[in-house]
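A.B. asks: Next up is a structure, given as structure tokens.
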Amino acid sequence: TVTACYRNVISPYMQTSYANKRYKITLRRGDNLMEVEDGEHHNTFYIFGGKDEASQSLIQGVTLAGVFLDEAPLMPQSFVNQATARCSVTGRRFWFSCNPAGSKEHWFYKEYIEPDEASRKHILVLNFTIDDNPSLSSDVVESYKRMYKGVFYRRYILGEWCGAEGSLFIDPPKIFTEQSLLWDGIAHIDASYGGGDFTAFTCAKRVGDTIYAYGKMWHAHVDTVMEAIIADAERLRCAPIFCEVNADKGYLAKELKNRGAIARMYSEYMNKYVKISTYLNKWWPNIQFLDGTDDSYISQIMDYTLEAPHDDSVDSLACVVRQLDKVAVTL
């Protein structure tokens, strides 16, 4: 999004001493453009969001000398193709940044990172590891290295593009932007009561053969994020909130009701892996996520295997999908 571009790219760059000493920078946020001068050259940078298929219309007809696409694998391929196609000035340049997005079947890997394709298209691929991150102390880096192993170590620590062996979910998630598509849906909480687990919250609605979903995740005790969960459920008009009672004996549902939310308790008798591999795997090609869903929520799903260290968002989404598998709504 444009907001993410300002937060992750423009603002950090303008704070560097290099930018301030070498260039005169004029930021025109109302027009979403930045002008940069060094005394000899004057360049104009247009700032666009690339969050969904409709974004490609934003840059149709523009003549560009280059593009920088931040987190390119999270963008629709149609937007990336439109952006590169608009670069028709002699000496054009493309820059892409990305975190490894899992499977090597991902379109971005096959188009830009796969060795044969990169060589054919004259692409320089730079690989950074966690040791290259200047914002992390050595203690934090070492703690991260101890936290992960196997394919997760290779991806998060070494920055390698590799899929989790045995991963159920290969196709990248689809994104939608109209939150009204979730209205009158249902919700679910996979609660953490301490330790290393996450609290995951899911809203979803089925319309015909499509399931529209939204996910949020916190590395926190459920009590500390309950108000945020209720606020999201109200904003998206999703009720009831389903709560498993096996572990907490109905505590979560009771707390939600005390705060005015509509909660429904259920007992879980199905093996978690069977539930995920049966229902979520079946529906994955037809699930779309609301723009704004946590990246960490989706990453847990994409990294899910039988040996995955965390499965909170996966389990929460699978529980909702199982419920929606029973009924379809036609608008």
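The values are calculated or read from the model by the stated rules, or taken from the named source; none is laboratory data. No experiment lies behind these values; they were computed from the predicted model shown. Neighbour counts run over all protein chains shown; Cβ positions are idealised from the backbone, glycine included. Each accessible area value is taken on the protein alone, full model and side chains, heavy atoms only, with ligands, DNA and RNA left out. Shrake-Rupley method; radii C 1.70, N 1.55, O 1.52, S 1.80 Å.
A.B. asks: May I ask you to verify whether T224 is within 20 Å of H310 (Cβ to Cβ), buried (at least 20 other Cβ atoms within 10 Å of the Cβ) and in contact with a Ser or Thr (Cβ under 9 Å, 6 or more places away or on another chain)?
C.D. replies: It is false that T224 is within 20 Å of H310 (Cβ to Cβ), buried (at least 20 other Cβ atoms within 10 Å of the Cβ) and in contact with a Ser or Thr (Cβ under 9 Å, 6 or more places away or on another chain).
A.B. asks: Looking at L124, L69, L74, which is the one that is of a type in the set (A, V, I, L, M), surrounded by 15 or more Cβ atoms within 10 Å (Cβ to Cβ) and either modelled with pLDDT of 90 or more or over 23 Å from N8 (Cα atoms) (or both)?
C.D. replies: The conditions single out L69.
A.B. asks: Hey, another quick one. Can you name every residue in the stretch 13-36 that is open to solvent by 80 Å² or more (accessible area, probe 1.4 Å), part of a strand (DSSP E or B) and under 27 Å from P134 (Cβ atoms)?
C.D. replies: Answer for the stretch 13-36, where residues must be open to solvent by 80 Å² or more (accessible area, probe 1.4 Å), part of a strand (DSSP E or B) and under 27 Å from P134 (Cβ atoms): just K24.
A.B. asks: Would you please list the contacts, defined by Cβ atoms under 7 Å and residues six or more apart or on different chains, that run from a residue in the stretch 220-237 that is in contact (Cβ under 8 Å) with a residue 60 or more places away in the chain to a residue that is surrounded by 15 or more Cβ atoms within 10 Å (Cβ to Cβ) and assigned to a helix (DSSP H, G or I)?
C.D. replies: The qualifying pairs do not exist here.
A.B. asks: Moving to a separate point now. Of the residues D190, D209, D197, which is under 20 Å from T305 (Cα atoms), open to solvent by 40 Å² or more (accessible area, probe 1.4 Å) and not basic (K, R)?
C.D. replies: On inspection, the qualifying residue turns out to be D197.
A.B. asks: May I ask you to list the residues in the stretch 44-62 that are assigned to a strand (DSSP E or B), in contact (Cβ under 8 Å) with a residue 12 or more places away in the chain and surrounded by fewer than 14 Cβ atoms within 10 Å (Cβ to Cβ)?
C.D. replies: Going residue by residue through the stretch 44-62, those that are assigned to a strand (DSSP E or B) are 44-46.
Narrowing the set further to residues that are in contact (Cβ under 8 Å) with a residue 12 or more places away in the chain leaves 45-46.
If the condition is that a residue be assigned to a strand (DSSP E or B), in contact (Cβ under 8 Å) with a residue 12 or more places away in the chain and surrounded by fewer than 14 Cβ atoms within 10 Å (Cβ to Cβ), then Y46 is the only one that fits.
A.B. asks: Among the residues of the stretch 98-106, is there at least one that is in a helix (DSSP H, G or I) and open to solvent by less than 70 Å² (accessible area, probe 1.4 Å)?
C.D. replies: Filtering the stretch 98-106 for residues in a helix (DSSP H, G or I) gives none.
No.
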